[in-house]
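Report on the structure given below.
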Amino acid sequence: MLIVAEGLEKTYRLGQVDVQALRGVDAQIVAGEYVAITGPSGSGKSTLMHILGCLDSPTAGSYRLDGEDVGTLSGKRLAHVRNRKVGFVFQTFNLMPRLTVEENVALPLKYRGGVPRVERRARALKLLERLGLADRIGHRPDELSGGERQRVAIARALVGEPAILMADEPTGNLDSKAGSEVLKTFAELHAAGHTIVLVTHDPGVAGRAQRMIQMSDGLVV
Ligand SMILES: Nc1ncnc2c1ncn2[C@@H]1O[C@H](COP(=O)(O)OP(=O)(O)O)[C@@H](O)[C@H]1O
Ligand SMILES: [Mg+2]
């Protein structure tokens, strides 16, 4: 099991009010699975993904990622696990506008440290070729279409060879043609053995995954 979560709870404090975003969630994901976390807006999908992706820690419950107990980690120790194990793709791409495509993709390796520049370049180029973006390496993000930008973001998420790729509403800012290009890329990555967790409120997008985790009001239903 790559992911084993039990009884996850997350409570946000908003002024005087507690918002219970997760109310006891169990989840298991095997390496190589392609899972969609789905459900209506506000049901806790992003909160669950943030915990599974080590961006945040639960208020209660246990979480093991790749054999490591991470549910009680926070701060630097959580960030360390996240940097090695998880690649993220976001709805709004979050590319650096002043960097080229190639520099954007290589950036996580630069942050990680210890990878020489030549190797950073080689790994970025290899992924960009694989994602059909070899002729875009010198472009800036604003010279690309939405679908191309999101594929650059996917390359950036993969460059550190994470155990798991997590995407939060990755087609949310794309038209249907660009959205289906991105979903095709996920299907290809899954076929190549990657583990993917996709968060979406769109049942059509969720239906492209191998399995669905359906959320409602902070619980898996
Ligand atoms: N940082 C936060 N502070 C306070 N409340 C939050 C925060 N993030 C999410 N919430 C609340 O938690 C609930 C679940 O949110 P979220 O996980 O973003 O749902 P979804 O991704 O399914 O739309 C919602 O009621 C939301 O308003
Ligand atoms: Mg969300």
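First measure r as the distance between the Cβ atoms of D175 and M1, then evaluate 1/(1 + (r/R0)^6) with R0 = 41 Å and state the FRET efficiency to the nearest 0.05.
Working: r = 37 Å, r/R0 = 0.90.
With a Förster radius of 41 Å, E is 0.65.
Rounded, prolate or oblate: which fits the range 129-171 when a ≥ b ≥ c are the square roots of the eigenvalues of the alpha-carbon gyration tensor, with rounded for a/c under 1.5 and prolate only if a/b beats b/c?
Oblate, since a/c reaches 1.5 and b/c is not below a/b.
What is the count of Lys pairs in the chain whose alpha carbons sit under 26 Å apart, if the two are 8 or more places apart or on different chains?
Summing the qualifying lysine pairs gives 15.
Using a Förster distance of 22 Å, how high is the FRET efficiency between E161 and N94, based on the Cβ-Cβ distance and rounded to 0.05?
The computed FRET efficiency comes out at 0.65.
Hey, rough spin-label estimate for A79 and Y12, points 7 angstrom out along Cα→Cβ, what's it come to in nanometres?
Roughly 2.2 nm, to one decimal.
Just the Kirkwood number for the chain, please: inverse of mean 1/r across all distinct Cα pairs, in Å, one decimal. Please list the in-between numbers first.
Details: mean 1/r = 0.0561 Å⁻¹.
So the Kirkwood estimate lands at 17.8 Å.
Using the Kirkwood radius built from alpha carbon pairs, what does the Stokes-Einstein equation give as D for the range 42-171 at 10 °C and 1.306 mPa s, in µm² per second?
On the way: Rh = 15.5 Å.
This corresponds to a translational diffusion coefficient of 103 µm²/s.
Treating the angle as unsigned and between 0 and 90°, give the value, to the nearest 10°, between the Cα long axis of helix 176-191 and the longest Cα principal axis of the chain.
80
What is the spin-label model distance, in nm, from Y111 to D135 if the labels are put 7 Å beyond Cα along the C-beta direction?
Each label point is offset 7 Å from its Cα along the Cβ direction, giving 3.1 nm.
Starting from the eigenvalues of the Cα gyration tensor, five times each then square-rooted, give me the equivalent ellipsoid semi-axes of the range 103-207, largest first, whole Å.
24, 16, 11
Using only helices, what value at 222 nm comes out for the chain when you add -39,500 (n - 2.57) per DSSP H run of length 4 or more and divide by the total residues, to the nearest 500 deg cm²/dmol?
Numbers: 7 runs with 78 residues, N = 221.
Taking each H run of at least 4 residues, the total per residue is -10500 deg cm²/dmol.
For the range 1-67, just the Cα atoms, rotate onto the principal axes and tell me the three extents in Å, largest first.
42, 24, 18
Just so you know, all these numbers are worked out from the coordinates, no wet-lab data involved. Just so it is clear, the structure is predicted and the values come from calculations on it, not from any experiment. In this analysis, Cβ positions are derived from the backbone assuming ideal geometry, glycine residues included, and neighbour counts consider all displayed protein chains.
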